[in-house]
Amino acid sequence: MTRWASLLVALLLLGAPTAPAAQSTRDLHAPLDRILDTYVRDGNVYYRALKTERKPLDEYVASLNLPATQVASWSKPEQLAFWINAYNALVMKTVIDRYPIKGTVADYPAASIRQIPGSFEQLPHQVAGRTLTLDAIEKDVIVPMGDARALIALGRGAIGSGRLRSEVYRADRLDEQLEEAVKEFVARAAGFKLDKAQHILTISPLFGWRQDAFIASFATAGERWPDRSPIERALMAMAAPKLFSSERDFLLQNTFQLRYGVFDWRLNDLTGGVPN
């Protein structure tokens, strides 16, 4: 009887359904990949169309509230890609929740995400078992992960931010994608503007907002500018490899004066045409 009982148990186990495999991060971000491919062009978003067809974005945002232990079990690239994608999706949801934006706060353009009360500092989002604002995701989750390039990958719903990609960030391509994000940002006047005639380098205020993170990531590589401040060394080390040779030569002369520009908070809205 023992033999037959053992055989019966084995047969039952073979026929029993297996537990579903954990969702891969690639599958998790596939809906956002389709959304970005459909509604984003050169960093700008068709917000009107996205609001009209918002169900996939809402469902993706809801899917981000995974157990904290599951997210913590992933590799560091998987986690960082997850949080960048989450931030960018939540910015788009914040915008379409209030779109069209017509604010009256004098400090910002009328159509700006900054016209939405508490858009970054107060509005709560449920992500990875936590209740977080956009600012908290950036400062308390992404910054401590130690790669300041990720801060340039965050699309803040503004023309002055890093360019929102038409694809998601993926763990297996994350380093390549972040390098591309930096290269694109420093090539734009909004991020990194050289005036050789006046010997002035104007940079995005973003670098000042998060200077500790950029210093931690890059300052030690800026040995060619030993007399400069830590943030200047960090920015030179980060940007120089991405610039044209003539621009690198200018920076190596070390005669420039660094200034912070003005952040362009106009909404990166492609509805009605490319923003000027």
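The values are calculated or read from the model by the stated rules, or taken from the named source; none is laboratory data. All figures in this text were calculated on a predicted structure; none of them were measured in a lab. Cβ placement follows ideal geometry from the backbone for every residue including glycine, while neighbour counts extend to all protein chains displayed.
Yes or no: segment 48-57 includes at least one residue that is within 20 Å of D135 (Cα to Cα) and either at pLDDT below 95 or surrounded by 16 or more Cβ atoms within 10 Å (Cβ to Cβ) (or both).
no
Run down R156, R170 and say which single residue is surrounded by fewer than 20 Cβ atoms within 10 Å (Cβ to Cβ) and among the basic types (K, R).
R170
For V71, which of the numbered conditions (1) out of contact with any helix residue (DSSP H, G or I) (no Cβ under 8 Å at 6 or more places or on another chain); (2) without any contact (Cβ under 8 Å) to a residue 60 or more places away in the chain; (3) more than 17 Å from G162 (Cα to Cα) fails to hold?
Evaluating V71 over (1) out of contact with any helix residue (DSSP H, G or I) (no Cβ under 8 Å at 6 or more places or on another chain); (2) without any contact (Cβ under 8 Å) to a residue 60 or more places away in the chain; (3) more than 17 Å from G162 (Cα to Cα) leaves (1) as the failure.
Condition test on A181, is it modelled with pLDDT under 95 and under 22 Å from L154 (Cα atoms)?
No.
Quick check on this structure: which one of E121, E138 is acidic (D, E) and in contact (Cβ under 8 Å) with a residue 40 or more places away in the chain?
Among E121, E138, only E138 is acidic (D, E) and in contact (Cβ under 8 Å) with a residue 40 or more places away in the chain.
Filter segment 173-210 down to the residues that are in contact with a Gly (Cβ under 9 Å, 6 or more places away or on another chain), of a type in the set (A, V, I, L, M) and loosely packed, with under 15 Cβ neighbours inside 10 Å and list them by number.
A189
Restricting to segment 252-268, name every residue that is within 18 Å of V182 (Cα to Cα) and either free of Cβ contacts under 8 Å to residues at least 24 places away in the same chain or in contact with a Phe, Trp or Tyr (Cβ under 8 Å, 6 or more places away or on another chain) (or both).
Hit for segment 252-268 is Y260, nothing else.
Condition first: at pLDDT below 95 and closer than 24 Å to K76 by Cβ. Can you find one or more residues in segment 195-208 that meet it?
no
Of the conditions (1) buried (at least 19 other Cβ atoms within 10 Å of the Cβ); (2) β-branched (V, I, T); (3) out of contact with any helix residue (DSSP H, G or I) (no Cβ under 7 Å at 6 or more places or on another chain), V274 clears all except one; give me its number.
Of everything listed in (1) buried (at least 19 other Cβ atoms within 10 Å of the Cβ); (2) β-branched (V, I, T); (3) out of contact with any helix residue (DSSP H, G or I) (no Cβ under 7 Å at 6 or more places or on another chain), V274 misses just condition (1).
Quick check: anything in segment 81-88 under 18 Å from R266 (Cβ atoms), β-branched (V, I, T) and in contact (Cβ under 8 Å) with a residue 24 or more places away in the chain?
The answer is no; no qualifying residue exists.
So is P241 more than 27 Å from Q115 (Cα to Cα) and either outside any loop (DSSP other than H, G, I, E, B) or under 21 Å from the mean Cα position of the chain (by Cα) (or both) or not?
In short, yes.
Return the only residue of R130, R149 being basic (K, R), surrounded by fewer than 20 Cβ atoms within 10 Å (Cβ to Cβ), over 23 Å from D269 (Cα atoms) and at pLDDT 95 or above.
Answer to the check: R130.
With the requirement that a residue be in contact with a helix residue (DSSP H, G or I) (Cβ under 7 Å, 6 or more places away or on another chain), of a type outside the set (S, T, Y) and crowded, with 18+ Cβ neighbours inside 10 Å, what does segment 105-122 give you?
I113, I116, F120
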